[in-house]
Structures are given as structure tokens and as C-alpha cells.
Amino acid sequence: MGDNPEELFPICTPGASDSTSFDEVAELLWLSGRPITHAIMMMIPEAWENHATMDPARRAFYEYHSLLMEPWDGPAAVSFSDGSLVGATLDRNGLRPGRYWITEDGLVVFASEVGVVDIEPAKVVKKGRVSPGKMFLVDTDAGRIVADEEIKAELAAAEPWAEWLEHNLISLKDLPEREHVVHTSASVNLRQRTFGYTQEELRILLGPMARTGAEPLGAMGSDTPIAVLSNRPRLLFDYFVQSFAQVTNPPLDAIREELVTSLRTSIGPNGNLLASTEVRQPQVSLDFPVIDNDELAKIANIESADGDRLAIKVRGLYRVAGGEAALRARLTEICEQVSGAINRGVQYLVLSDRESNAQWAPIPSLLLISAVHHHLLRSATRTKTALVVEAGDVREVHHVALLIGYGAAAVNPYLAMESVEELIRCDDIVGVTPEQGVYNLIKGLGKGVLKIMSKMGISTVASYCGAQTFEALGLSQELVDEFFSGTRSQLGGIGLEVLAAEVAARHAMAYPEDGVEQAHRPLLGGGEYQWRREGEPHLFNPDTVFRLQHATRERRYDIFKNYTKAVDDQSANLMTLRGLLNFKTGVRPAISIDEVEPISEIVKRFSTGAMSYGSISQEAHETLAIAMNQLGGKSNTGEGGEDVDRLLDPRRRSAIKQVASGRFGVTSLYLSNAEDIQIKMAQGAKPGEGGQLMAQKVYPWIASTRHSTPGVGLISPPPHHDIYSIEDLAQLIYDLKRANPSARVHVKLVSEVGIGTVAAGVTKSKADVVLVSGHDGGTGASPLNSLKHAGAPWELGLAETQQTLILNGLRDRVVVQVDGQLKTGRDVVIAALLGAEEYGFATAPLVVSGCVMMRVCHLDTCPVGVATQNPELRARFTGKPEFVVNFFEFLAQEVREILAELGFRSLQEAIGQVDALNAQQAVDHWKADGLNLAPILQNQSFDADVPLRNLVPQHHELDKHFDQQLITMAAEALADRSPVKISVPVVNTDRSVGTMLGHEVTKKFGIEVLGTDTIDVTLTGQAGQSLGAFLPAGITLRLFGDSNDYVGKGLSGGRIIVRPERSNIFVAEENVIAGNVIGYGATSGEIFLRGQVGERFLVRNSGATAVAEGIGDHGCEYMTGGRALILGRTGRNFGAGMSGGVAYVLDLRHSRVNKQALESGELQLHELDQEDFEFVTELLRKHQEETGSTLAARLLADLEDSPELTTARFTKVLPRDYAAVLDTRKKASTEGLDPDSDVVWKRILEVTGG
């Protein structure tokens, strides 16, 4: 470090990019004396935590270095050099592609795709790829390529890492046991009141977690006030919302891809990062960041080898009577106490809010941890201690995530655990012991934190600790700067005085002013999650639901006005941000309503929300579609596809076809019959998460529409597996525009800080529509923590999107749409003035159709037939299209009335005119008076001639697409089905080859598909991304060369063959011929690949048959149908989430199959029976014929010469429930029963446990 180490600071340039910071730290580690490979392995380690077969020495290397530095997490393909070594590595989950070619004369080309340099095929001796967590290295001094195994074996042997690890890592289990303390019922009740517990929280939050070990689910979004607008004292946690990944990097699936995630951590002081010798700085190893009371006691009593106390407990209490001043003084005192303790050598600080009484109230644990964390950061002593929180106010996943995010190494939610024990003792929770209940609670909280981390694409809790991936919503900038530095707070809000007042209000529930304590006083009822008369107000309550249904069923506009007045009055009474905005009359002269555009024009801007057929009933779905088609508006399929009968019926079809991560039913036919195509990047009620349709809701008619199997559950992954970056999103937009050139392509985003930047990127990627969804949108099922604590109000996201697009000169190129609990004409006009041109509604039309807000959509028990597939419940559905028509026409009429008052003749005139809005000058409310809505209204500062709305269409360059020549050459086939053969060269800038041709075929022939190989196209060269995307039956693409990522995406019956160029000299099966994510969402067709491919082969395949000669990690993930034949090495985590279809794998190592699926029996491994033998033999023969595969030829010869030995090399991977359902349906058919009948359905549920 030299004599003046301060001269090096700052190590990381403030305000610089992530890549710059990474580069600066990598250089620092290299300058400390480590090889560059060592530095990179420290910063981007492999996923070693759950790698059962990793070499112990290498594992010790990674684990030792985890004590010094957490992983730099996220999708990355990083290249590096020290002047002689040149290398590259991928992130632990392989979320970026890395391909390389080596020529006979020693040239090495590494890039994110193939075809970037023109090289004579005959000169290439090796074509490979970098795998997740692996390293590709060229030693230019030695003139050789160094294998990943060699690099890591050398570093693993460089020092006795395992020995150093043993010196420095203490297992929590090895610390002395402490006495378990059981608290009395009176003590638990008193403290529950102190911390503001409600009966609802015990019943809805803690009860389910204690019973099942999983976080509870809810439905229908959130329509209660955000914390800063609530009249009730709210926990500090409620003033923060979770950030999540959308577009710029992908969320993770923490369940199916558990092998790359880790909740393990070590707590304690950090050692010298720059030391090249052993660092002696012991830390305690934790398997989970949530610890029970006994584990906390162990940490609180840690001693050194000499018997010195290494831990102290800091009391987080203050004199409640002193209000803000006492709270601030106590925080200052605690920070000084903590600094003194660290100077004395204390290494573990337990911040505790126990032992409150009538005089001493608990400091909110989040305020306490963040104040101490930032104090230590400012004093440069943060790495000298571990912060552990003992908190009584923690009772849900969001709370734990916040504490870890603001610096806690571990969290002990003691009162939540004691509450669970009390509930079990009182028989309010049955079927579990107190010990099991607490264990389940800890498991549920920990797994929930993992899911929240995953929404940001963060894999390890060590990387999440202190990451502050939250936005403050309703906290003053002064409070944030002082205690939560680095957090964004867009609108300001409350200060420390209000926080103290909220603590005092809760404290008074336990210690009333009269001084008379009631030992068993009942808790408040709650009402945050379900409407209660005495609870938090809901915009949709029994009164507003009744008025809306009565008005639309009787076509009574007067009653509709009563409904909208009730909703708007509630909104104005501080339930929504838009309730704080007023229309500014007089800016323009009011006009007669007769001068305002008619209802028929306004309703064209309305659409219904993306509710899948599966989440809601056929009756509800079709009612909305019929109504919107009648009006000229648009309904949305949601992500469940659309039945062909409806798809081709102009009266019943949905105009907007959604493309979500599950890709259910996304075919060429589906896309070609769309007016709009919507890419769902996120959903307001659960951004960053996927979804699951439980087996009991996958009725035969749902399975048919989704190209799946009745009675077998379906998973929607958290990410789109073809979108790991903004460039990938641009590619999907490109694909979809070629799958239907006349359809607009939407991108659906969820409101959060930074959405403007994302929207600008989406617009540059040539989306036609950007949809901003509010955090409060409805859903059929969502974890309650997401429903309440993820995302921001649409007013914020819409304003930021509008302003950013204008600032970047992009506003005129894109249509902006908004949705999220829109209910009245006032909501629509405010959205228009903030910049939205189109408006989405979901909850309100469902209420019109009969929904009574029971919020049990996820249980398939909807009593009014809306959110259910149960035929008996569906019979209760009373909705009609005319009711929905009435709602939207009434809404449009109310919009007309407001426009007339404001002097606008049309909605188009009003778009972006924020000068017609103003924030309430004085808000008479004890919390909301600190809000500053000026950022929402900043459009006023733009020049008068700046475009405020969409004026020009995106230029998609469709006339320049590669397929234009194919369409011309295939004219005879398109005219009369005549077979044609085409031969053309291709380069890697030719993307989505075959997709536009496929659209022309589908548009012309529809369900009367072309015969196999009618249009037979031979390509030579390196194809760009998405070769054969959504390719329909009748088209065959034969590529001699190489392909990049996403081959056969959405394959819809077509055929794709990829084989090396004829002049290639290498062994095909030992080299890579195609990229990642092959056959994503394919529904039918064939893919033959002569060579190896990358990660996620056949992810979410529904029906295609594909052959490859080696695959990467996560093969056949989420597969629901079709067949795979894999003739080479298989990567890790094979078959994760696979619920259908069959995979035949050559020489399969069982350790490569998803561990959880094997242990649970969800996946079964079988030998081939005679039917399998015949199928594999025939498919091998076909593969050999189509690709010239020498590997297939050898296997066919072996099958003929020694059939038993060769057959034994194959393993059949089969999902258990899928096999059981197919067997049940087959037996029913032999009995003469209809496989889709109720009788057979009951049998299916019996065999699957549904």
C-alpha cells in the first residue's frame, strides 16, 4: 500500500459503471501480488456452495476467499489480461454467451457470438464455448491455451486453503449450547401490542409459514394506502419497496436453479483483502441468515481462545416520552457505544430491541441497523465487526430482507418465533410442534429472502448483505441522507419526528396513558390483506363493489357516478398519489361536452388486463374479449395462450396476445392472429417472479390451450430465458415483429426507480408500445410480500417514463400505456395528463363480471365462477359482455365530462399536458404533509414544441429483412403449395431467418398446414440469433455452418437441421455448433444439431423433438412435452422443473440431474423398454440421414451389433406425474372412456395427488 495508502483512495471511482468498479478492484487484487486468474476467481467464483462433486481443494479455495470478499454477482462475460495472459470467464449461471474458435495457425477468436470474423472453415480446428463459472485462458508467452481444470487445480494447490479455512471458520453448531427460554402468554401478548401485531398478521402471515415453511400467497393486488398515506401508524419497513430486475439483467429461479444460489454466509470481521499469506480472522459459519433464539444466544456469548468476550448486546431502546429528540439522541449514543466497543476488540454486535417497558420503547430495527451500519461505514470500521439484529418488529419476509439489505449479517425475529410457539400452544396452529413451527417459520423467512434476492438477480446472501436494493417511498430526503444514505426517495415524506410518533402510538397500545395494563388485551384485527370494517380502507370494498355491479348491470349512469365519487373521494382522502393531484381549471376555457370526441373514440384506447385462461374461467375470459371487440378496444390473452376456436373467431378472440416467460401456446398461428403482441417483462403484483399453475387447475381444456398435459402443474420461470440484457429484448422484439409485421409489439414494465432509463432502452429497441404497470395490479396468485412491497405506484413510473423519453428525444416514437388499479374517469384523465395514451383495466372489469374480491383466486374456489376452472363453480358465473360494455362506456362518458371542464376536445389533446394538474398546496395529514409531488409534474419545464405523445411509427426495416428474398423464392409454394427448394448464404447479422416467411405461410394457410419440407431452404454460413423462430410446419431450414443463440425459439411445426460446413476438419460431436436456449417454448417440429450446444437446451419445450450431441447446464428445464435425444455430455441441473415430455440421454451421470427432482421422485430414471428402443433407433437414423452424423452412425451400428449393451448406455428421464397421467388416460381410452371426461379427471387427480 506504500507509505501513504490514502493516495490510492477512492479505489472505486464514485459514480462510475459497475464494469469500471470491477476493473479497478481486479487491478487492485492483481497489484497485491496475486495472478490475474486468482483475482478473477475471487471476484467471480463458480457456484461452489451446492456443488457436491467439486474437487475439495478447489472448494476450499473458494470458501476461504469467501471470508475475504463476497461474489460480484450478476450476468457477465468478462475478458481480462495482465499483458501476457488473456482470458475470459462467465458468471456462475452462464447468463451471457461466450464462444471461441481456434484455427490451425494459432488464431483465437472469442466473442459473444460466432461469425464475427471471416475465417475459412477448413482452417478451424476447434469450436468451443465457455461454460458457467468456467475460464478460458490463452498464455501468449507459452503460446498455448490453458484448460479451466489446469488453471484451477494449480491455484487450488498453491496454498493449504483447507488448513487456512479450518483455522478461520467456526461452525455455529460447534458453539456451546444455551438454555432455551419459554415466555408466558402474557409476556408475548404485551410485546405483540408493543410492536403493533394484528390478528390478521398472526393468521395470514405467521400461521401459514409455521405450518408449511413457505411464505403465504394472496390475490387481486393491493388497494390499500401506501404507508405514508395511511392514517394508521405503520412499521418503518412499510416505507420501503423492493427493487427488481427488468430487462437490464434477469431475475433468477431460486427454486429450480438452487445450485447457483446460497443462503450460507459467514459472519465476523473481515481480514486483510490484500494479504497473500494466511489471514487469521475467524468467522462464524451460518447455514441461514435467519437464526432462532438459541442460536442468537450462542453468538451473543462468543469468547476468544483466551476467554475474552467478543460479542456484546446493544439495547435499541429510547425514552418514548422524549419523542424525536430522545430517539435521535439515543441513536447517536448507540453509535458512539458501538465505536467504543469495536475499538476494544468486540467483533460481534447484537442490536436488540428486547426489554422495552412503559418508559423505554423499541427503536425500529431497520432504523437501528442502518444507523449503525452507515455510522461504521463513515468511520471506516464497518469490516471490523458483524452486525446481528434481535428484533421484535420482524414478522414477514420483507422485513428480514430489508434488515439484511441494510447491513445485518443475521436476523433473529424473536417475537415472531415466540408468537408461533404461543399459537401452537393455544391450538390456533395444529399439526406441528412448537419446535417444528419455529423451524418452518425460519425456513419460510429464509427462502422468502432468497426469492427477493433472486428478483434482483443476486445469487448469494453474502452479495445481498448491505446491497440496499430498495427504494424509499414516503421518507424525507433528510432522513434518508442521515440514516439510509444511498437510497432513492423520489417524493420526500416523513421525518424522524413522525417515526417517533408512530412508535409512540404502537407503544400506547401496550402501555396506555391510564397506566392500567391488560395482560390479555386482544390485538387489533388488521385489514391490510382482506377488507375489514375497522381495518385499513380499500378502494374496492363491499359498498363500491355493489355500486359498480348495480350500475353496470342496470345500465344506470347515475349509480356509476355514485361509485366513481366514492372511489375518487377515498382516493382524495389520501389513499393514492393521484388523490393528491387536482385538476387545474381555467388554464383553458371550459367547453361544451358536445365538442369533446365521442365515447366510441375514447373506448378504443381502453384494454383489459393480461389475465390468462387458466387463472380465470373461460366464461370470464370470453366475456371480456367479446365486450372489448364490440367496443373497438382490446382484451389480452394473458400468458396462457388462446384456444384455436377462439383464436380464429373475430368475435371471441383477444386482440392482444401476450408473450410471457412460460411461452404457453405461443405459436406462429397465435402470433399471426394478433393485433398487438405484449412481452411481459414484469407484473405489477409480483415483479421479478414467475408463476405456477397448480395441477388441480390444469383441466383438460387448459392443458390443450397451453400445449401441456392435464393434471400436471405448469411453471412460468421468473426470467424470459431469451432475455438476459437489453440487447436480448431488442432481439425478441425483432423476432415478434417478423412473426407478425402488422402487429404492434408492447413491452410491459413495472413502475420502480429507473424505469425511465429502461423505457428509453425499450424504445430504442423498437418496441411500439411501452406499458407502465403500477405496483398494485391484481393477480391470481402472488406471495404477499411481493403483493405489498414490490414496485411503486404507476404515477411515479409513468411520470419518469414520460420525462426520460422526452429528454432523450424518443417520446414521439412510442405509445405509452398505463395500468394498475384504474377505476374511474378521473384516473384515466390524470394518467393522460401525465403522458399515457392508452389505459388498461383488470380488477374493475372482473368486478363488473361478478368478482366480489374474496381474494382466493389461487385456491380454485372462487364462489362466483370468475377465477376458477371448476365446472360447478363456473356455472355460477353471472357476467355478460354488455355489463363490461356499460362500464367502459360510462367510463368514457366521465372522461368526456372532465375533458370538457378542462377545455380539451379529445384525450389526444390532453396527453402530457401536466400544466392542467397541480399538487394539493397543503395536505392536512400528520404524515403526508411532507410529500413533494413536484417531480411528477416536471414536464412543465420542457420547451413548448417538444413532442409529448407518439407521432411517428417505429422504423422496423422489415423491407430489408433476410426473409424477403425467401418469400419471393417461395412464391409457388405460397400460391398453390408447390414444393420449392432454395439455397442461399447467410451471415450472423441475418437474424430470425425463416420467421417472416413462416408468418406468410401461416397467414395464407392457417390451420391447414403445408406438407413436410414443402419449402426446403439450405443455408450456408453463420446464422444470426433466433434461426427459425416460430417456424411453422411445411418449412425446413438446413444450415451448413454454425448458429448462435435461440435456434428454434417457439418452433411451431417446422424443421431445423444444423450441421458443420462440408469443408470442416474437426470432429463434429466434440465441437460446439449452436448457442444457448435452443427450442425455447417450442410446441411442435424437429431440430437436429450435429454438435454440442450451450445452456438451457429445450427450456420450456412443449412438443418438439430435438437431437443434440452434447448440451450445457439446465437442459430440458421446465419442459412440459416433446422429446429430447442427447448424445453427449450433459451439463448440471438437468431436468429442473421438467414436468412433461421424455428425454433420452447417452451415458448420463445421475449427479447431473436436478437433485431436488430426483430426491422427491418428481423425475424418474428408467432403462429403455422396447417402445423406447424403437423410437431412439428411428430418431438416430433420422439424425444421421439429416446431418451426416458419424456419432449417430456409430451408435446405430452398435445397436445392431450389441443392442443390449448399447441400449443400456441410454437413460430415459421421465417426469413421474406426466407418466402417471398418460398411463391413466391410456387406460381410460381402452375402457372406452373419454380421456377428457370428469371421471377420468378425478382419476388423474388421484394419481397426481392433485
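The values are calculated or read from the model by the stated rules, or taken from the named source; none is laboratory data. Quantities reported herein were computed from a predicted structural model and do not represent experimental measurements. Positions of Cβ are generated from backbone atoms using ideal geometry, with glycine treated the same way; all protein chains shown enter the neighbour counts.
Go through Glu390, Glu435 for me and flag whichever is charged (D, E, K, R), assigned by TED's automatic domain parsing to the domain that holds Arg344 and touching a residue at least 12 places away in the same chain (Cβ under 8 Å). Before the answer, list the steps.
Numbers: Glu435 fails: touching a residue at least 12 places away in the same chain (Cβ under 8 Å).
The conditions single out Glu390.
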Lone unmet requirement of (1) more than 24 Å from the chain's Cα centre (by Cα); (2) surrounded by fewer than 17 Cβ atoms within 10 Å (Cβ to Cβ); (3) not small (Gly, Ala, Ser) for Asp18
(1)
Name the residue, out of Leu796, Leu810, that is of a type in the set (A, V, I, L, M) and without any contact (Cβ under 8 Å) to a residue 60 or more places away in the chain.
Leu810
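Which fully enclosed helices (runs of 4 or more DSSP H) of the range 1098-1207 have 3 or more residues being exposed (fewer than 15 other Cβ atoms within 10 Å of the Cβ)? Spell out how you get there, then give the answer.
On the way: elements: 1155-1160, 1170-1187, 1190-1201, 1203-1207.
By residue number, 1170-1187, 1190-1201, 1203-1207.
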Between Val400, Val394, Val411, which is assigned to a strand (DSSP E or B), at negative phi, in contact with a helix residue (DSSP H, G or I) (Cβ under 7 Å, 6 or more places away or on another chain) and not polar (S, T, N, Q)?
Val411
Return the residue satisfying two criteria in turn: it lies in the range 218-242 and is in contact with a Gly (Cβ under 7 Å, 6 or more places away or on another chain) and not in a loop (DSSP other than H, G, I, E, B), and of such residues it is surrounded by the most Cβ atoms within 10 Å (Cβ to Cβ).
Tyr239
Note: among Arg1149, Arg1100, Arg1096, Arg1129, just one is touching a His at 6+ places or on another chain (Cβ under 6 Å), within 24 Å of Ala47 (Cβ to Cβ) and either of a type in the set (Val, Ile, Thr) or at pLDDT 95 or above (or both), namely Arg1096
With (1) within 30 Å of Gln802 (Cβ to Cβ); (2) part of a helix (DSSP H, G or I); (3) without any contact (Cβ under 8 Å) to a residue 24 or more places away in the chain as the list, and Ala944 as the residue in question, which single condition is left unmet?
(2)
Within the range 32-69, restricting to residues that are within 14 Å of Ser266 (Cα to Cα) and touching a Gly at 6+ places or on another chain (Cβ under 9 Å), the one that is surrounded by the most Cβ atoms within 10 Å (Cβ to Cβ) is Leu67
Hits in the range 1118-1166 (condition: in contact with a strand residue (DSSP E or B) (Cβ under 7 Å, 6 or more places away or on another chain) and farther than 21 Å from Thr709 by Cα)
Ile1126, Leu1127, Gly1128, Thr1130, Val1145, Leu1146, Leu1148, His1150, Arg1152, Val1153, Asn1154
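Let me confirm something: among Met41, Met69, which residue is of a type outside the set (Lys, Arg) and under 20 Å from Val146 (Cα atoms)?
Working: Met69 fails: under 20 Å from Val146 (Cα atoms).
The unique qualifying residue is Met41.
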Flag if Leu1168 is of a type outside the set (Val, Ile, Thr) and within 21 Å of Arg1090 (Cα to Cα)
no
Among Val1058, Val1077, which is in a strand (DSSP E or B) and at pLDDT 95 or above?
Val1058
Considering only helices (runs of 4 or more DSSP H) fully contained in the range 15-119, which possess at least 2 residues that are of a type in the set (Phe, Trp, Tyr)?
18-31, 56-66
Pair list, Cβ < 8 Å and 6+ apart or interchain, from the range 920-939 residues that are over 19 Å from Leu796 (Cβ atoms) to residues that are at pLDDT below 80 and not in a loop (DSSP other than H, G, I, E, B):
none
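Condition test on Thr968, is it in the same structural domain as Gly1079 (by TED's automatic domain parsing), modelled with pLDDT of 95 or more and of a type in the set (Ser, Thr, Tyr)? Give the derivation first.
Details: in the same structural domain as Gly1079 (by TED's automatic domain parsing): no; modelled with pLDDT of 95 or more: yes; of a type in the set (Ser, Thr, Tyr): yes.
Spelling it out, it is not the case that Thr968 is in the same structural domain as Gly1079 (by TED's automatic domain parsing), modelled with pLDDT of 95 or more and of a type in the set (Ser, Thr, Tyr).
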Can you tell me which residue among Arg553, Arg646, Arg547 is surrounded by fewer than 24 Cβ atoms within 10 Å (Cβ to Cβ), of a type in the set (Lys, Arg) and touching a residue at least 40 places away in the same chain (Cβ under 8 Å)?
Arg553
So how many residues does the range 646-679 have that are on the phi < 0 side of the Ramachandran plot, part of a loop (DSSP other than H, G, I, E, B) and of a type in the set (Lys, Arg)?
3
Can you confirm whether the range 676-689 contains a residue that is farther than 30 Å from Tyr529 by Cα and in contact with a helix residue (DSSP H, G or I) (Cβ under 6 Å, 6 or more places away or on another chain)?
yes
So Gly850, is it part of a strand (DSSP E or B) and either in contact with a Gly (Cβ under 7 Å, 6 or more places away or on another chain) or under 23 Å from Asp768 (Cα atoms) (or both)
no
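Regarding Thr576, is this residue assigned by TED's automatic domain parsing to the domain that holds Lys680, outside any helix (DSSP H, G or I) and within 30 Å of Lys927 (Cβ to Cβ)? Break it down into steps so the answer makes sense when it comes.
Numbers: assigned by TED's automatic domain parsing to the domain that holds Lys680: yes; outside any helix (DSSP H, G or I): yes; within 30 Å of Lys927 (Cβ to Cβ): yes.
Here the answer is yes, as Thr576 does meet what is asked.
Residues checked against (1) assigned to a helix (DSSP H, G or I); (2) modelled with pLDDT of 95 or more; (3) under 23 Å from Leu933 (Cα atoms):
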site	(1), (2), (3)
His775	no, no, yes
Thr779	no, no, no
Gln802	yes, yes, yes
Leu805	yes, yes, yes
Val816	no, yes, yes
Ile830	yes, yes, yes
Gly840	no, yes, no
